[in-house]
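The values are calculated or read from the model by the stated rules, or taken from the named source; none is laboratory data. Keep in mind the model is a prediction, meaning the values are calculated, not measured. All Cβ positions, glycine included, derive from the backbone under ideal geometry; neighbour counts span all protein chains shown. Remember, those area values only see protein heavy atoms, side chains included, never the ligands or the DNA or RNA. Shrake-Rupley method; radii C 1.70, N 1.55, O 1.52, S 1.80 Å.
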Amino acid sequence: MARGKNIEDARTPLLTPGQESGRHDKRSLRSNRTLACNTGSTDELMTLLYDIAKAYVALCSFKCKQSIKFFNSLSYRHYNTSWVLCRVAKAYYESCQFRKAAAVFANVRKLDPYKTEDMDIYSTTLWHLHKESDLAYLTHEMIDISRHCPQTWCVAGNCFSLQKEHDDAIKFFQRALQVDPTFAYAYTLLGHEYSLIGELDKSLKLFKDALYADNRHYHAWYGMGMIYYKQEKFVWAEVHFKQAFTINPSSSILMCHIGLAQHAQGRNNEAITTMENAIKLDSNNILCQYHHAAMLYAIGEYERALAGLEKLKKSASRESLVYYMIGKIYDKLNQPHLAFMNYSEASHLDPKGQNNAIKEEINRQYLNERSDNGANDNGIGVLDAVLEQDPDNENSNFSETDDAE
């Protein structure tokens, strides 16, 4: 035993008091470095979470430009994630910048090809851009990934809706609600689809169901406003458009609808002021600029209307309706040669007469005229002909608020 004890003593050298103190100082230094490292990591994490939360709150408040700015301030490795990119794409979508939204969503598909969340929004973006092949491909992918999430069937419904196969689209939207009866967006899409085929009562009920599922779903408030507008219940239409606008106060499209409802009630000056405010919200919104000029024409402000349309012509040079309205103004100003020139340009841009129904409605709503074959007198304005499904629809250049590309 004594020999063993001596061996242990030999293996453990004796330390002087000074050496023992030095070892303790080194241990304390390592401990402090570890603590400082952990504290620094915690601070970085809290800063990251704060930045993401700030951007997300801005998005939920529909402050889309601010939200995009905050997300763009993130570092590359944090920005280039499927969750952040989906939020950025949704911000572009809510801002009606559909091309940018689609490009970001495409990056999301590359990063996370099995993602189902927000793909319903992606499909609606493709619907607005009339990307039939891309939407069909997305539909096949989503069905392969999961048949048990509502987003899959919303994507499929949008695919058939774009092809104007409304009965099939309705079946797929109904399937989405069978999978998840609380999915508010499916109610809204189904409501718009019924509206397209004239089933206004069913459409109205579905928009109400969407609000039961999510009372901040402003698309449903907008949808109800559109139903009342088509039924010529303009006061109720304005009420619902305003309710949608209180939820999303950054939407110039919603404010445009409010102005149209006011104009339909004969409150022209108020409607013009509303349109001017909508243009201030988004100076690139071609639809608001067009209706503002048309309303000025309606009250006899021909010079102001012409100035607005000439400015609009620079950003919507391929839109026949702009030239058509300019021609009507030159008619009123007794300049038939300029009127004929603009009518000719409108015919050149629309040789098949696809916009004839909208021109009929312009005559009825703004110009107080009717053609020989009669205008469609059902209370549906030119806005509804151009934007049938959604407040951020992109069926023509009128709803294109994206930057020129």
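Length gained on full extension, Cys60 to Lys313: 87.6 nm, using 0.36 nm per residue less the C-alpha separation. Projecting the Cα atoms of Met142, Thr81, Leu196 onto the dipole axis of the range 60-209, where Lys and Arg carry +1 and Asp and Glu carry -1 at the beta carbon, places Thr81 farthest toward the positive end. Surface composition of the range 114-191: carbon plus sulfur atoms hold 49% of the accessible area, using a 1.4 angstrom probe and ignoring ligands, DNA and RNA.
Let's test the formula: R0 of 60 Å, r as the Cβ-Cβ distance of Tyr302 and Met46. What FRET efficiency results, to the nearest 0.05? If you can, show how the numbers build up before the last one.
Working: r = 60 Å, r/R0 = 1.00.
The formula returns an efficiency of 0.50 here.
Candidate cross-link partners of Lys65 among the lysines, defined by an alpha-carbon separation under 20 Å and a same-chain spacing of 8 or more, comprise Lys54, Lys90, Lys100, Lys280.
How large is the charge dipole for the range 108-157, taken about the Cα centre, if only the Cβ atoms of Lys, Arg (+1) and Asp, Glu (-1) carry charge, to the nearest 20 debye? Walk me through the intermediate numbers first.
On the way: 5 positive and 8 negative charges, 10 e Å.
Using Cβ point charges on Lys, Arg, Asp and Glu, the range 108-157 gives about 40 debye.
Which of the three applies to the range 164-293, rounded, prolate or oblate, going by the alpha-carbon gyration tensor with a ≥ b ≥ c and a/c under 1.5 meaning rounded? Could the numbers behind the result be given before it?
Details: a/c = 2.15, a/b = 1.92, b/c = 1.12.
In terms of gyration-tensor shape, prolate.
Across the range 133-177, C-alpha contacts under 8 Å between residues 6 or more apart give a mean separation that, scaled by the residue count, equals a relative contact order of 36 percent.
Each peptide in 78-87, 331-340, 122-131 was scored by the mean count of other Cβ atoms within 10 Å over its residues; highest first, the order is 122-131, 78-87, 331-340.
Once C-alpha pairs closer than 8 Å and six or more residues apart are averaged by separation and normalised to the residue number of the range 206-254, the relative contact order reads 32 percent.
For the range 174-223, what does the accessible surface come to per residue with a 1.4 Å probe? Please give it in Å². Working shown, then result.
Working: 2220 Å² over 50 residues.
Value returned for the range 174-223: 44 Å² of accessible area per residue.
A compact globular protein would have a Cα radius of gyration near 2.2 N^0.38 Å; the ratio found for the range 51-116 is 1.01.
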